[in-house]
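Below is one structure; the comments refer to it alone.
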Amino acid sequence: MDKFALQNTPCTHYAWAEKNTKPKIPSDERHRQKLNGFLTVDVQSGSTRVDFKIQSTTEIVVGVVVLTALIYLQKGFNHLTFLLDNAKIHGKRMAANVHKWLAEIAQQVTQPEFTLSFWHTPSYSPQLNPAEYLIHEVRRNGLYQVPCTVTVQAKAERIRTQLARGLPMNDQQMHKLLDFIASCKVKRF
């Protein structure tokens, strides 16, 4: 699982300034429309799931993880492992909240025993997360060469449509990537 952002305007600004001074560019951050995408990749089946939220907080990530876990528990899975990067919102607090929510749900619904674990990739190693590759492909195939007048909601719909067509990696590529990730040291919570 990984997070990415969609914005209605480019976020790169170029400016010249005198030496040892900052350029005076008024920020338009407050007026920029933004959606945070949460991409989940099932590395066994190749299926993907994407959720879009306005904010990206620990509570939002917990909700996305819990929803994803419930979908797979309903399909009969009894063990799930989430591979996450080292973003602050993916830390021990998030894992504890996910376990707490799932325990509360399990008390209300008869749910078979299941385990949930989180693997965190080392810092600055996006090459170890399969979702990073998919986000790159989604942006390349669906968002490059798009007019700047396209809204963030239209961009989100383009991504949903693109992912509904299928995974941009074949089984052999995915297995090779997973073998590479497994050979690296990954921290578990």
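The values are calculated or read from the model by the stated rules, or taken from the named source; none is laboratory data. Predicted model, so just to flag it, every value in this text is computed and none were measured. Note: ideal-geometry Cβ built from the backbone for every residue, glycine included; neighbour counts use all protein chains shown.
Pairs, please: C-beta under 7 Å, at least 6 apart or cross-chain, first residue under 15 Å from PHE38 (Cα atoms) and touching a residue at least 60 places away in the same chain (Cβ under 8 Å) and in segment 62-80, second not basic (Lys, Arg) and not in a loop (DSSP other than H, G, I, E, B)?
VAL64/PHE38; VAL64/ASP51; VAL65/PHE82; VAL65/VAL98; THR68/THR40
Residue by residue, here is whether (1) touching a helix residue (DSSP H, G or I) at 6+ places or on another chain (Cβ under 9 Å); (2) without any contact (Cβ under 8 Å) to a residue 12 or more places away in the chain holds:
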residue	(1), (2)
VAL146	yes, no
ALA156	no, no
ARG160	no, no
ARG165	no, yes
ASN170	no, yes
LYS176	no, yes
ALA182	no, yes
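Going by the conditions given, is SER117 modelled with pLDDT under 80 and of a type in the set (Ser, Thr, Tyr)?
Here the answer is no, as SER117 does not meet what is asked.
Only one of these is of a type in the set (Gly, Ala, Ser), surrounded by 15 or more Cβ atoms within 10 Å (Cβ to Cβ) and modelled with pLDDT under 80: GLY91, GLY63. Name it.
Result: GLY91 is the single residue among GLY91, GLY63 that is of a type in the set (Gly, Ala, Ser), surrounded by 15 or more Cβ atoms within 10 Å (Cβ to Cβ) and modelled with pLDDT under 80.
Sort out which residues of segment 138-173 are under 14 Å from GLN7 (Cβ atoms), of a type in the set (A, V, I, L, M, F, W, C) and either loosely packed, with under 14 Cβ neighbours inside 10 Å or out of contact with any strand residue (DSSP E or B) (no Cβ under 9 Å at 6 or more places or on another chain) (or both), and write them in order of number.
Correct list: VAL146, CYS148, VAL150, ALA154.
If I filter segment 94-110 down to residues being among the β-branched types (Val, Ile, Thr) and closer than 14 Å to ALA69 by Cα, which single residue comes out as surrounded by the most Cβ atoms within 10 Å (Cβ to Cβ)?
VAL98
Restricting to segment 128-144, name every residue that is modelled with pLDDT under 80 and either in contact with a Phe, Trp or Tyr (Cβ under 7 Å, 6 or more places away or on another chain) or polar (S, T, N, Q) (or both).
We begin by selecting, within segment 128-144, every residue modelled with pLDDT under 80; these are 141-142.
ASN141, the sole residue that qualifies.
If I go through segment 31-72 residue by residue, how many of them are within 26 Å of ARG158 (Cβ to Cβ) and either of a type in the set (Val, Ile, Thr) or part of a strand (DSSP E or B) (or both)?
The number of residues fulfilling the criteria is 23.
Taking THR58 as the residue in question, decide whether it is touching a residue at least 24 places away in the same chain (Cβ under 8 Å) and touching a Ser or Thr at 6+ places or on another chain (Cβ under 9 Å).
When the stated conditions are applied, THR58 does not pass them.
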